[in-house]
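The values are calculated or read from the model by the stated rules, or taken from the named source; none is laboratory data. All values derive from a computational prediction rather than experimental measurement. Backbone-built Cβ (ideal geometry, glycine too); neighbour counts: all protein chains shown. Quick note on the areas: whole protein, heavy atoms, side chains included, nothing else; ligands and nucleic acids left out. Shrake-Rupley method; radii C 1.70, N 1.55, O 1.52, S 1.80 Å.
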Amino acid sequence: MSPNVDFPIDSATPTRTRVALAFDVDPPVPRILKPLANRWLRRSIRPLHVKDLQQLKDLVEAPHVR
């Protein structure tokens, strides 16, 4: 596990400081689920990346009117 810890610091008054602890951790994924999750991600995310790249290409190659 890789926890993420954040310490936001706020000035409450000129002589006091408020510190909070923000702690976030994701539980580990069981080994049997990793291949299934990767397969699902490839099928669902890759088409979005291809679409984004095509739209970026169209934007860059489009003639710009100024």
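Here are the numbers for this structure:
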quantity: Rel. contact order, % - alpha carbon contacts under 8 angstrom, at least six apart, the chain; calculated: 24
quantity: Potential extension, R43-T15 segment - 0.36 nm per residue separation minus Cα distance; calculated: 4.6 nm
quantity: Residue-span extension gain [V25 to A62] - 0.36 nm each, minus C-alpha spacing; calculated: 8.9 nm
quantity: Portion, in percent, of the accessible area of the chain that falls on carbon or sulfur, probe 1.4 Å; calculated: 60
quantity: Top of P27, P14, P47 by mean-square fluctuation, Gaussian network on the chain, Cα under 10 Å; calculated: P14
quantity: Positive-end extreme of charge dipole, the chain - chosen from P47, T15, V25 (charges on Cβ); calculated: P47
quantity: 1.4 Å probe accessible area per residue over the chain, in Å²; calculated: 103
quantity: Where labels lie 7 Å past Cα in the beta-carbon direction, separation of D6 and D52 in nm; calculated: 2.1
quantity: The chain: projected area of the alpha-carbon convex hull, averaged over directions, in nm²; calculated: 10.2
